Amino acid sequence: MASERTIEQVLKQIRPEFDFTASQDFIGDGMLDSYDVITLVAELDNTYAILIPGIDILPENFQNIAAIEQLVRKHVSNHELRLQ
Amino acid sequence: MNFVFSNRQISGMLAVVPANERSFEDDMANFHFPVARSLKLKQVMGYDKHRLVDGPVCASDLACFGMMHLFHEGLLHPDEIDALYVVTQSPDYLMPPTSSVIQGRLGLKQDIFCMDINQGCAGFLIGLFQAFLLLDQQSVRKVVLINVDVLSRKVSTSDRNSYPLIGDAASITIVERSGDPTLIYANLKMDGTRREALMIPAGGFRMPSSPETAILEDDGDNNRRAKDHLRMDGSAVFNFVQVEIPPLIADLLHLAGATQEEVDYFLFHQPNRFMLQKLAEAMKVPLEKMPSNVVEHYGNSSGVSIPIAIAHNLRDRLATSRILACLSGFGVGLTWASMLLPLGPLKFCDMIDFQ
């Protein structure tokens, strides 16, 4: 299940120079650009064995750890439902 | 907008790519990003090698090279060509049209219809629409559709968002009438309100090129480009493709009364591997039916990427077999289009290096 700690670790792999717990707007604060978001989606897909749909790759879903966690939870739930 | 055609065929295809090849590692020295971050992007997007013109090579140079190859190989005779469409965003000149340049350089007959179309990643589809329509005229028996771009000359080498994916190339597609009444279905949408998502701001009459438009500016994400350079709003383009293309294809298949399973290949424009994989996931199309391997070998050459996807992946099969192909192009304009058509056997389907 998605946890803030795991998501923070994934973010740190992509941009190790930032403290992601200190911002509520990663994109506005220049911590993630659009290509970092794509890298992040690929990492989240692999980490949680999910497929985040392209239509969900929107800036608002990657603003902060809580938003990313919510996105991951939604697709982990969908994945588990599909497996049942 | 929907279209239905019949008694039309693609009879041959040739792709021309520059022999000059650069690797992502070659390019990285120009990017202002940590190496590890760039390599991660390479892995996700499928960047590796790309083919770029070396020096002041123009669109007509690639096109004429390919046409001369066809003439020399006896695959096309100059006098057979009744129409020449050239789809490009990188013309030799603002005027005259590049199609006129090519006609003149090749010494083609005067009894010919030549026309330029300013289109990009949907340009193969737009060109096919025009070729199919012109074949309604009895005086037109053979149309040569040339898609060509040398856009690397308009991309900043310090722009990590665009430079690693860009590729230069030309394709020559022969379009003719056929005795086969099988219907060919197509659809097209355009949205000029989103025109700034992909653009070269300077160089036209709205903002003529000047010393000021050549100054490199940081975009805030460490990419440096000038107003003379191509700029792409990556987020907007990605979202556009993911939102618009699945329903476009669903509408096309509905129009044709066909199922996804009946389609042998989904031969789409090749922006990058990640975008195509996300499209395949959304459409529930097996990855092996939607090739996404063009960017890693050649780069994204706008309207030429579908012909390259066909030549790279299917040239042997199309020499003897027929497939049901779903084509789709999407990009500048914004423009998005798709077509469901039988493809093959082709008289020729090949790829050559421009020297």
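Could you list, in sequence order, the residues of segment B:13-30 that are of a type in the set (S, T, N, Q) and either under 28 Å from B:Leu145 (Cβ atoms) or surrounded by 17 or more Cβ atoms within 10 Å (Cβ to Cβ) (or both)?
Passing the criteria: only B:Asn20.
Could you tell me whether B:Arg322 is within 13 Å of chain A (Cβ to nearest Cβ), in contact with a Gly (Cβ under 6 Å, 6 or more places away or on another chain) and either under 29 Å from B:Arg153 (Cα atoms) or surrounded by fewer than 18 Cβ atoms within 10 Å (Cβ to Cβ) (or both)?
It is false that B:Arg322 is within 13 Å of chain A (Cβ to nearest Cβ), in contact with a Gly (Cβ under 6 Å, 6 or more places away or on another chain) and either under 29 Å from B:Arg153 (Cα atoms) or surrounded by fewer than 18 Cβ atoms within 10 Å (Cβ to Cβ) (or both).
So in segment A:61-80, with the set limited to residues that are in contact with a helix residue (DSSP H, G or I) (Cβ under 7 Å, 6 or more places away or on another chain) and free of Cβ contacts under 8 Å to residues at least 60 places away in the same chain, which one is surrounded by the fewest Cβ atoms within 10 Å (Cβ to Cβ)?
Restricting to residues being in contact with a helix residue (DSSP H, G or I) (Cβ under 7 Å, 6 or more places away or on another chain) and free of Cβ contacts under 8 Å to residues at least 60 places away in the same chain, the top hit is A:Asn61.
Does any residue in segment B:213-226 that is over 17 Å from B:Phe33 (Cβ atoms) come within less than 6 Å, Cβ to Cβ, of a residue that is hydroxyl-bearing (Ser, Thr, Tyr) and outside any helix (DSSP H, G or I) six or more places away or on a different chain, and which pairs are these?
Within 6 Å, no pair qualifies.
Does any residue of segment B:281-300 turn out to be buried (at least 22 other Cβ atoms within 10 Å of the Cβ), of a type in the set (Val, Ile, Thr) and within 21 Å of B:Thr173 (Cα to Cα)?
For segment B:281-300, residues buried (at least 22 other Cβ atoms within 10 Å of the Cβ), of a type in the set (Val, Ile, Thr) and within 21 Å of B:Thr173 (Cα to Cα): present.
If we scan segment B:258-270, do we find a residue that is closer than 21 Å to B:Arg160 by Cα, surrounded by fewer than 21 Cβ atoms within 10 Å (Cβ to Cβ) and charged (D, E, K, R)?
No, the conditions are met nowhere in segment B:258-270.
Does A:Asp29 fit the bill of being within 12 Å of chain B (Cβ to nearest Cβ) and either assigned to a helix (DSSP H, G or I) or modelled with pLDDT of 90 or more (or both)?
yes
From B:Gln277, B:Gln270, B:Gln260, which residue is more than 23 Å from B:Leu94 (Cβ to Cβ) and within 14 Å of another protein chain (Cβ to nearest Cβ)?
So the residue among B:Gln277, B:Gln270, B:Gln260 that is more than 23 Å from B:Leu94 (Cβ to Cβ) and within 14 Å of another protein chain (Cβ to nearest Cβ) is B:Gln277.
Quick check on this structure: which one of B:Leu253, B:Leu341, B:Leu346, B:Leu318 is closer than 28 Å to B:Asp180 by Cβ, touching a helix residue (DSSP H, G or I) at 6+ places or on another chain (Cβ under 9 Å), of a type in the set (A, V, I, L, M, F, W, C) and part of a loop (DSSP other than H, G, I, E, B)?
Just a single option satisfies the conditions, and that option is B:Leu346.
Could you check segment B:1-112 for strands (runs of 3 or more DSSP E) lying wholly inside it with 1 or more residues that are away from every other protein chain (no Cβ under 14 Å), at pLDDT 95 or above and touching a Cys at 6+ places or on another chain (Cβ under 8 Å)?
B:8-18, B:83-87
Can you tell me which residue among B:Thr213, B:Thr173, B:Thr182 is of a type in the set (Ser, Thr, Tyr) and in contact with an Asp or Glu (Cβ under 6 Å, 6 or more places away or on another chain)?
Result: B:Thr213 is the single residue among B:Thr213, B:Thr173, B:Thr182 that is of a type in the set (Ser, Thr, Tyr) and in contact with an Asp or Glu (Cβ under 6 Å, 6 or more places away or on another chain).
If you scan segment B:1-34, which residues turn out to be more than 27 Å from B:Ser60 (Cβ to Cβ), aliphatic (A, V, I, L, M) and touching a strand residue (DSSP E or B) at 6+ places or on another chain (Cβ under 7 Å)?
Passing the criteria: B:Met1, B:Val4.
Select from segment B:220-237 the residues that are farther than 20 Å from B:Arg153 by Cβ and either touching a Lys or Arg at 6+ places or on another chain (Cβ under 8 Å) or at pLDDT 95 or above (or both) and list them in ascending order.
Residues satisfying the conditions are B:Asn222, B:Ala236.
Which condition from (1) in a helix (DSSP H, G or I); (2) within 14 Å of chain B (Cβ to nearest Cβ); (3) surrounded by fewer than 18 Cβ atoms within 10 Å (Cβ to Cβ); (4) not aliphatic (A, V, I, L, M) is the one that A:Glu43 breaks?
Unmet condition: (3).
On the basis of being in a strand (DSSP E or B) and either out of contact with any Asp or Glu (no Cβ under 9 Å at 6 or more places or on another chain) or basic (Lys, Arg) (or both), does B:Lys189 make the cut? Reasoning before the result, please.
Working: in a strand (DSSP E or B): yes; either out of contact with any Asp or Glu (no Cβ under 9 Å at 6 or more places or on another chain) or basic (Lys, Arg) (or both): yes.
Judged against the criteria, B:Lys189 is a match.
Those residues that are more than 9 Å from chain B (Cβ to nearest Cβ) and basic (Lys, Arg), I need them from segment A:11-26; list them, please.
In the first step, residues of segment A:11-26 are kept if they are more than 9 Å from chain B (Cβ to nearest Cβ); the result is A:11-12, A:18-26.
Passing the criteria: only A:Lys12.
Restricting to segment B:200-249, count the residues that are among the hydroxyl-bearing types (Ser, Thr, Tyr) and part of a loop (DSSP other than H, G, I, E, B).
2
Does B:Asp233 satisfy the criteria of being crowded, with 19+ Cβ neighbours inside 10 Å and under 29 Å from B:His312 (Cα atoms)?
no
The values are calculated or read from the model by the stated rules, or taken from the named source; none is laboratory data. As the structure is a prediction and not an experimental result, all values here were calculated from the model. Cβ atoms come from the backbone with ideal geometry, glycine included; neighbour counts cover every protein chain shown.
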